[in-house]
Amino acid sequence: MYIVDGHCDTLLAMMLKKENLTENSLQIDAKKLKETSCDFLQFFAVFESPSIKGDQALADVNSMIDIFHRECENNGFTKILSKNDLSFKGLGGLLSVEGLYFLQGDEKEIDSLYEKGVRCLSLTWNPDNEFCGGIAGTSGNGLTKAGKKLIKKANKAGILVDTSHITDQGFWDVAECADAPFVASHSNARAICSHSRNLDDSMLKALKEANGMTGINMYDSFLKDHGKADIKDVVKHIEHIASVTSCDHVGFGTDFDGIPRDKSALDYPADLMEVLEQLARLNYSQENIEKIAGLNMIRILKQVLK
Ligand SMILES: [Zn+2]
C-alpha cells in the first residue's frame, strides 16, 4: 500500500540540527518511514522564515535543496520528478517549497526552482508577500498580478500548486485561475476546528471541483478548538471532509517536524497506520482507505507532473 504525506518541515530541522535522514532525533527519517511497512512518498518542504532576507534566505533555500538531493540519494529514496517516478517502490521523496518570500516577487524564478527539482509550491507562509496575501497577513488580499502569472507558470511547468497558508481570497483566486488540480497540502476542516488555517466547506467543495485534495495536519490547534488532540480528532476531520466531498479528496499532510512535538496529535509516520485502522473499524472500504492513505495524491500528481 502507498502512503503519501504531503508536508513535513524535516529539511529545515535537518539543516538547523545537522542531522541526516537515515536515522535522526526528528519525527521523520528513513527508518521511521519504513516502520509503516508501506511504500511511502514523503513531501519535503523547503521552509525559510520570511524574517530572513536577501542572500542569507537564498543560501538557506539552496542548502535545504542540497540536503534533499543528498539525503534522498544516500537513503535510497526515489526522487519524484516526473509522473513516471510515481510507480516507485519503497521510499519516495518530493521536493516542495513553502512560501516564496525569497523570490522577492520574481515569478520567472519558477524555472530555476523546477530545474532544482521542486514539484510543489505554496505562494505564502503566514505573512503577505508579492504574490498573495497570507493567512496571518494584514491585507486579506488574494493573488496579485505576479501571483496569477506564477500560478500559470507553475501549472505549465508541471508543478503542483499548494494553497495551505494563503488567504481565503487567495484560495478562491487560485481556484479561478488554475489550469490543473491543486491541493491544500496540510490544512484541516474549519467546520470541526475553527482556525483560519483550515478550510470551510465551500473550499473543500472547490478542491473537489478541481480534482484536488487536502492533507490532514496533525497540529493540535488545527485539529481541535481547545485542548490536546489525538487520533480520534484526525479521524473526525477525515470523516467530515469525506462527507462534504468524497473519499477522493482527503489524505495526509502531517506537518511533522514543523510543529512543537508536544502539540502533534501523532508522533511518527507509523501512527498513520492506526488512523487507517480506525477508518477500517468505521467500515471504510479497503479501496477508500487506500485512496486516503496515498492514492488520492498520486492521482493528482499523475495529472500535474510531466
Ligand atoms: Zn505550513
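Numbers for the structure displayed
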{"quantity": "Which of 160, 16 has the fewest Cβ neighbours within 10 Å, and the rest in rising order", "calculated": "16, 160"}
{"quantity": "Phi to ³J(HN,Hα) by Karplus 6.51 cos²θ - 1.76 cosθ + 1.60 over the stretch 174-184, Hz, x for Gly, Pro", "calculated": "5, 4, 6, 9, 6, 9, 8, x, 10, 10, 10"}
{"quantity": "For the stretch 51-57, 3J(HN,Hα) per residue [Karplus equation, 6.51 cos²θ - 1.76 cosθ + 1.60, θ = phi - 60°, Hz, x = Gly/Pro]", "calculated": "6, 9, 10, x, 4, 4, 4"}
{"quantity": "Computed label-point distance, nm, for sites residue 115 and residue 87 using a 7 Å Cα→Cβ extension", "calculated": "3.1"}
{"quantity": "CD proxy at 222 nm, helix term only [per DSSP H run n ≥ 4: -39500 (n - 2.57); per residue of the chain; nearest 500]", "calculated": "-11000 deg cm²/dmol"}
{"quantity": "Relative contact order of the stretch 163-205, defined on C-alpha pairs under 8 angstrom at six or more residues apart (%)", "calculated": "35"}
{"quantity": "Compactness of the stretch 1-138 as Cα Rg over 2.2 N^0.38 Å, two decimals", "calculated": "1.06"}
{"quantity": "Hz values of 3J(HN,Hα) by residue in the stretch 197-208 - Karplus curve (6.51, -1.76, 1.60), Gly and Pro given as x", "calculated": "5, 8, 10, 7, 4, 5, 5, 4, 5, 5, 5, 4"}
{"quantity": "Built amide H within the under 5 Å cut-off of residue 95, gap 5+", "calculated": "44, 80, 119"}
{"quantity": "Rg followed by Dmax, in Å, when the chain is reduced to its Cα trace", "calculated": "17.4, 53"}
{"quantity": "Farthest positive-ward along the chain dipole, Cα basis, beta-carbon charges - from 198, 249, 103", "calculated": "249"}
{"quantity": "Rel. contact order, % - alpha carbon contacts under 8 angstrom, at least six apart, the chain", "calculated": "19"}
{"quantity": "Interchain or long-range residues, amide H under 5 Å from residue 160's placed H", "calculated": "120, 121"}
{"quantity": "Extension gain from residue 225 to residue 34, taking 0.36 nm per residue of separation minus the Cα-Cα distance", "calculated": "65.5 nm"}
{"quantity": "Check: the chain dipole with +1 on Lys, Arg Cβ and -1 on Asp, Glu Cβ, in debye", "calculated": "540"}
{"quantity": "Relative contact order %, the stretch 93-188, counting alpha carbon pairs below 8 Å whose residues are six or more apart", "calculated": "25"}
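Every number here is computed from the coordinates shown, using simple stated rules; none is lab data. What you see is a predicted model; the values in this text were computed from it and never measured. Don't worry about glycine lacking a Cβ; one is built from the backbone with ideal geometry, like all the others, and counts go over all protein chains shown.
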